[in-house]
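Worksheet for the structure shown next.
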Amino acid sequence: MKVLMFGWEFPPFKTGGLGTACYDLTRGLSYKGVDVTFVMPTTPGNAKADFVKLIGANNICRNIKVRKVSTILTPYMSSEAYSSELRKIRIGHKLSSDVYGQNLYQEVMRYAEMAKIIAAQEDYDLIHAHDWMTYGAGINARNVSGKPLVVHIHATEFDRTGGNPNPYISSLEYQGLNEADLIIANSNFTKNNVRRHYNINPDKIKVVHWGIDPDNPYYKLGYSSPMNRNEKIVLFLGRITIQKGPDYFIEVAKKVLDFKKDVHFVIAGSGDMLPRIIERAAELGISDKVTFTGFLKGADVHRAFQMADLYVMPSTSEPFGLVALESLKNNTPILVSKQSGVSEVVHNALKVDFWDINEITNKIVNVLNYEELHDELRKNSFEEVQKFDLIKPAEKCIDVYNEAIRGAM
Amino acid sequence: MVSMCFYFQVHQPFRLRNYSIFDIGKNTNYFDEKKNKEIMQKVAGKCYLPTNKTMLDLINKHDGKFKISYSISGVALEQFEKYAPQVLDSFMDLNDTGCVEFLNETYHHSLSFLYSKEEFREQIKLHQKKIKSLFKQTPIVFRNTELIFNNELANFIQKMGYSGILAEGADNILGWRSPNFIYTAKTAPGLKMLLKNYKLSDDIAFRFSNRGWKEWPLTVDKYVKWLNAANGNGNLMNLFMDYETFGEHQWEDTGIFDFLRHLPGEILKHSDNNFVTPSEAIKKYEPVSELDIHSPVSWADVERDTSAWDGNKMQKSAINQIYLIENAVKKSGDKNLLEKWRKLQTSDHFYYMCTKWFNDGDVHKYFNPYENPYDAFITFMNIINDVNLRLGEKNILKKEVVV
């Protein structure tokens with residue numbers, strides 16, 4: 001089978017779950033013998049992003065071909081972020097103003113236009129597009145080739161914005177979901193959101209839960225922090241945006257400290273809400289108990305997990321939450337919101353409603369107070385996460401591909 | 001001659017409220033009235049009332065030849081009185097037939113035998129008193145919570161004056177021997193043991209509606225053939241199961257009530273067969289051999305041990321915490337607190353904390369009001385902390401235990 005995939009740059013060059021998801025899926029598909037032509041938006045500033053070298057070194061993706069497309073789009077980019085990126089690029093590279101779109105939306109359109117050319121040159125049985133920015137490209141490719149289109153929804157605009165969608169983005173999202181032959185959602189949670197917000201026929205939506213790389217050398221760093229000697233560490237790690245619930249986390253920190261003094265809270269990540277959270281910590285009088293690390297990457301992410309006693313993911317709307325599996329891989333137990341995909345697939349986790357600050361506090365204080373609880377949770381969740389790999393999700397995607405191809409015949 | 005001995009366990013715990021760390025010191029209301037009432041009324045409608053009616057009809061129909069026995073925990077009886085008095089009435093109707101025997105157990109369906117002999121004895125006395133006041137029976141046969149049994153228990157129960165006891169006919173205690181005879185324990189020659197025939201019991205209790213089972217569907221004909229096959233290599237068939245099997249674990253639409261309605265008649269067709277209660281069984285039959293059982297056996301899971309209640313660190317810690325404060329609770333003179341402390345001993349609270357099989361989301365889950373074992377532990381420990389606080393206020397705890 002040959003797949004034309006419109007994806008995103010791979011880690012470690014790009015941040016966030018989407019790049020990782022594309023990378024992991026591509027590896028899984030490659031392992032299962034699927035030929036993938038991977039169309040990758042590549043920002044000009046990021047010269048190190050040599051994906052071919054990356055996969056060459058791993059020697060696992062022989063049947064993958066990469067087509068780079070120069071763009072300054074990145075996943076989760078806001079229209080403001082696009083404009084500022086465009087200004088930087090122009091100054092840095094002295095580019096004329098007509099290489100990239102004047103704004104985010106024009107750039108998305110331009111990318112979709114370029115997809116037509118690639119779609120006409122390549123040979124494939126099916127098109128697979130990841131999240132709204134590539135849906136236009138996917139639709140164009142289908143129009144050129146007549147091949148079936150599978151769109152993958154990793155997060156809806158409603159998830160990203162805490163329920164205040166950008167109308168333009170949600171209209172593009174709707175268009176992709178509506179026109180696709182089949183949709184892959186990364187959880188039942190996402191499937192329900194797609195059905196609820198876009199009124200899409202649920203029979204068309206297939207759930208494929210994410211897996212995780214079973215062996216990453218970072219898991220075995222065995223990092224322990226001197227901070228742990230006197231205090232328990234509770235970790236938040238993710239974008240500091242409304243979707244991830246950092247505002248709930250900081251309120252919980254205060255309440256936990258009311259019960260228990262020897263706790264330190266680490267907030268790792270960056271995002272538009274960071275200043276507000278820092279200020280709130282000060283208002284609550286707990287600044288000395290909260291550390292902001294800024295954005296972490298590579299080994300540091302795993303060191304953060306390994307030093308923590310508990311990872312807390314209070315996301316208000318988390319389509320999957322791969323980062324929670326990463327925490328478990330690093331042998332750190334998790335507390336996750338019920339409004340997440342990962343809570344559907346991990347049994348051995350503490351689960352809460354993101355808004356229930358008292359219940360989150362109740363669980364954190366107990367898990368820090370009782371070693372027997374912490375030990376059991378850690379032991380059982382670590383055992384449980386071993387069942388996740390990259391092959392099972394790839395196999396499920398292939399099932400969806402086959403169904404789409406049969407349906408198109 | 002083969003005697004069929006039916007024993008049904010009737011039990012409902014007082015489930016706990018969602019008791020949070022913010023409740024400690026502010027709220028002594030530990031039990032979820034609403035949920036307990038709801039569950040009791042639901043199970044009464046699906047199981048207790050229709051099954052009791054069926055049993056009564058069967059006893060009347062067979063003219064005293066069909067006999068059964070029950071052990072009803074004190075906490076279940078209390079909940080019948082509170083939430084479903086008509087169930088209690090129907091048990092009294094059954095009692096009036098003279099074909100129904102009630103056994104003794106710990107009032108609070110607890111694991112106290114393993115942790116405090118003094119408490120164990122007191123709970124048995126409480127249950128004895130309750131059974132006597134409701135049914136005017138003084139049981140001579142004892143069954144321990146979840147059929148937990150060993151040499152030490154046998155000796156203890158014999159000393160308390162009982163003549164018989166129920167236990168699991170587990171392979172690891174019987175070896176090549178058949179459960180279809182009376183045995184005694186090495187430490188209690190005067191106490192006759194009735195061992196559960198787990199294969200034939202579980203055919204009804206667990207496998208009846210399992211479509212993946214090669215014997216499905218289980219007909220009365222087939223089942224009675226299996227029972228009759230024992231004729232000649234055993235004289236007593238102990239069929240022990242949770243009463244909730246009828247209508248609750250096996251729903252009505254599985255045909256379980258039809259099965260039950262036709263079973264006694266089919267059994268009695270064979271002139272060699274009859275029904276006995278446990279006390280009749282021990283009068284009728286003599287032990288064939290002695291068993292030597294050191295570590296506790298139970299009727300739970302494939303392990304047939306106590307690990308469903310005390311197998312992990314959370315369970316061990318929670319159980320230790322509750323018995324650690326026994327003296328303090330008893331010295332406090334607070335009857336209300338004593339009763340709450342006892343209701344916290346009900347084995348279900350620890351069963352909910354079980355992590356065995358949790359990954360597979362199996363049978364344990366069906367009976368569990370919590371989303372996971374960790375929530376069960378958190379709720380329980382918050383309550384223990386409140387109890388400790390109450391004891392501290394009375395200046396009792398400080399002298400007894402250092403927390």
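A single entry from B:315, B:345 fulfils the requirement of being at pLDDT 95 or above and within 14 Å of chain A (Cβ to nearest Cβ): B:315. With the structure loaded, tell me whether residue A:362 is in a loop (DSSP other than H, G, I, E, B), surrounded by 20 or more Cβ atoms within 10 Å (Cβ to Cβ) and within 14 Å of chain B (Cβ to nearest Cβ) or whether it fails that test. For residue A:362, the condition - in a loop (DSSP other than H, G, I, E, B), surrounded by 20 or more Cβ atoms within 10 Å (Cβ to Cβ) and within 14 Å of chain B (Cβ to nearest Cβ) - is not met. Scanning region B:221-253 for residues that are in a helix (DSSP H, G or I) and surrounded by fewer than 18 Cβ atoms within 10 Å (Cβ to Cβ) yields B:221, B:222, B:225, B:226, B:228, B:252, B:253. Criterion applied to A:310, A:325, A:350 was being within 15 Å of the chain's Cα centre (by Cα) and at pLDDT 95 or above, and the one residue passing it is A:325.
For region B:8-46, a residue qualifies if it is within 14 Å of chain A (Cβ to nearest Cβ) and either among the β-branched types (Val, Ile, Thr) or in contact with a strand residue (DSSP E or B) (Cβ under 7 Å, 6 or more places away or on another chain) (or both), and the qualifying residues are B:16, B:17, B:21, B:24. Within region A:116-130, residues that are of a type in the set (Lys, Arg) sit with their Cβ atoms under 6 Å from residues that are at pLDDT 90 or above, at 6+ positions apart or across chains, in these pairs: A:116/A:140; A:116/A:144. Between A:232, A:255, A:289, A:261, the distinction of being at pLDDT 95 or above, crowded, with 20+ Cβ neighbours inside 10 Å, basic (Lys, Arg) and farther than 27 Å from residue A:319 by Cα belongs to A:232 only.
Residues that are outside the structural domain of residue B:328 (by TED's automatic domain parsing), over 15 Å from the mean Cα position of the chain (by Cα) and modelled with pLDDT of 95 or more occur in region B:68-78; there is at least one.
Residues are listed down the side, and each one gets a yes or a no for (1) closer than 24 Å to residue A:213 by Cβ; (2) touching a residue at least 12 places away in the same chain (Cβ under 8 Å); (3) within 14 Å of another protein chain (Cβ to nearest Cβ):
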position	(1), (2), (3)
A:301	yes, yes, no
A:308	yes, yes, no
A:316	no, yes, no
A:329	yes, yes, no
A:344	yes, yes, yes
A:358	no, yes, yes
A:368	no, yes, yes
A:371	no, no, yes
A:375	no, no, yes
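Residues in region A:152-180 that are part of a loop (DSSP other than H, G, I, E, B) and either among the acidic types (Asp, Glu) or surrounded by fewer than 22 Cβ atoms within 10 Å (Cβ to Cβ) (or both): A:161, A:162, A:163, A:164, A:165, A:166. The single condition among (1) under 20 Å from the mean Cα position of the chain (by Cα); (2) touching a residue at least 40 places away in the same chain (Cβ under 8 Å); (3) more than 11 Å from chain B (Cβ to nearest Cβ); (4) surrounded by 22 or more Cβ atoms within 10 Å (Cβ to Cβ) that residue A:404 does not meet is (1). Which condition does residue A:350 not pass, out of (1) at the interface with another protein chain (Cβ under 9 Å from one of its Cβ atoms); (2) surrounded by fewer than 20 Cβ atoms within 10 Å (Cβ to Cβ); (3) not basic (Lys, Arg), if it passes all the others? The number of the failed condition is (2).
The values are calculated or read from the model by the stated rules, or taken from the named source; none is laboratory data. This is a predicted model, so every value here is computed, not measured. We place every Cβ from the backbone using ideal geometry, glycine too, and count neighbours over all the protein chains shown.
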